Amino acid sequence: MSKEAFRAARDLLLAARGDYALAEAAFVWPRLEHFNWALDWFDSELASGAHGAHPALRILAGDAETYTFRDLSQASSRLANGLRRLGAKRGDRLLLLLGNVVELWITLLAAMKLGLVVIPSPPQLSRRDIDERLARAGASLVIAETSETTKLDGREGALKRIAVGAPTPPGWSDFADLMRAEERFTPDGATRASDPFLLYFTSGSTARPKLVVHTH
């Protein structure tokens, strides 16, 4: 039912994409009780059948790379299993310190599948900014580019650390190792549409950054 309601809302916007007034008047946000976009739409619709071979992501920095919907579906399921093996579970909060690399998009899909709450953060953050986000958001996991891992040196506690890129620093897990997990992913239960998924911090230019929560 949730997927059909999502599809109907999507189809309405596509049909009215040339008529803003019609779209504004007719569109109503679907009321969903359970919905996990990565599982219920990306995997089951976009990555399935012939459509799965269509390009989904192009990374233009450095050597241009293209990834299909099926590539991202399979990769995110492997990462979700790898993170679960590391101890990640539904509701855990993940600080994400990645630029525009394919690992960013794989991680977002994997986190959605697992039910993790993601704190997207630019890699350029200072150590002080990172400390504040970890403390205020209650993060128990962090995924960061290897070049940024020194910003977490000396931090105590049970924070699970995953590094993207070589060499893997001491005390950190290798992102590539987690990607060697099995490809078939089974969720531990249904995701409520009201469950939190993203925790954003505002810029904080005139005061401390504020937390903004987005649900599934």
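I'd like to check something: does the stretch 173-191 contain any residue that is free of Cβ contacts under 8 Å to residues at least 24 places away in the same chain and within 18 Å of LEU97 (Cα to Cα)? Checked against the condition, which is being free of Cβ contacts under 8 Å to residues at least 24 places away in the same chain and within 18 Å of LEU97 (Cα to Cα), the stretch 173-191 yields at least one hit. Total residues in the stretch 58-97 satisfying the condition of being open to solvent by less than 20 Å² (accessible area, probe 1.4 Å), aliphatic (A, V, I, L, M) and modelled with pLDDT of 95 or more: the figure is 10.
Among the residues of the stretch 10-20, is any over 22 Å from ASP188 (Cα atoms), of a type in the set (A, V, I, L, M, F, W, C) and touching a strand residue (DSSP E or B) at 6+ places or on another chain (Cβ under 7 Å)? Outline the logic, then answer.
Applying the first criterion (over 22 Å from ASP188 (Cα atoms)) to the stretch 10-20 yields 10-20.
Filter once more, so that each one left must be of a type in the set (A, V, I, L, M, F, W, C): 12-16.
Filter once more, keeping what is touching a strand residue (DSSP E or B) at 6+ places or on another chain (Cβ under 7 Å): none.
No, that holds for no residue.
Of all residues in the stretch 120-129, none satisfies being in a loop (DSSP other than H, G, I, E, B), out of contact with any Cys (no Cβ under 9 Å at 6 or more places or on another chain), under 22 Å from PHE35 (Cβ atoms) and hydrophobic (A, V, I, L, M, F, W, C). Being touching a Lys or Arg at 6+ places or on another chain (Cβ under 8 Å), open to solvent by 40 Å² or more (accessible area, probe 1.4 Å) and of a type in the set (Asp, Glu) is true for just one of ASP131, ASP177. Which residue is that? Going through ASP131, ASP177 in turn, just one is touching a Lys or Arg at 6+ places or on another chain (Cβ under 8 Å), open to solvent by 40 Å² or more (accessible area, probe 1.4 Å) and of a type in the set (Asp, Glu): ASP131. Looking across the stretch 98-128 at every residue that is open to solvent by 40 Å² or more (accessible area, probe 1.4 Å) and among the charged types (D, E, K, R), the one that is farthest from ILE59 (Cα to Cα) is identified as ARG128. Residue-level check: of (1) in contact with a helix residue (DSSP H, G or I) (Cβ under 6 Å, 6 or more places away or on another chain); (2) at positive phi, GLY62 misses just (1). The set of residues in the stretch 176-216 being closer than 20 Å to ARG133 by Cβ and either aromatic (Phe, Trp, Tyr) or outside any loop (DSSP other than H, G, I, E, B) (or both) consists of PRO196, PHE197, LEU198, LEU199, TYR200, PHE201, LEU211, VAL212, VAL213, HIS214, THR215.
Being more than 24 Å from HIS214 (Cβ to Cβ) and assigned to a loop (DSSP other than H, G, I, E, B) is the filter; apply it to the stretch 134-159 and report the residue that is most open to solvent (accessible area, probe 1.4 Å). My answer is GLU156.
The values are calculated or read from the model by the stated rules, or taken from the named source; none is laboratory data. The structure presented is a predicted model; accordingly, all values stated were derived computationally and were not measured. Using ideal geometry, Cβ is built from the backbone for each residue, glycine included, and neighbour counts are taken over all protein chains shown. Only protein heavy atoms, including side chains, enter the accessible area calculation; ligands, DNA and RNA are left aside. Shrake-Rupley method; radii C 1.70, N 1.55, O 1.52, S 1.80 Å.
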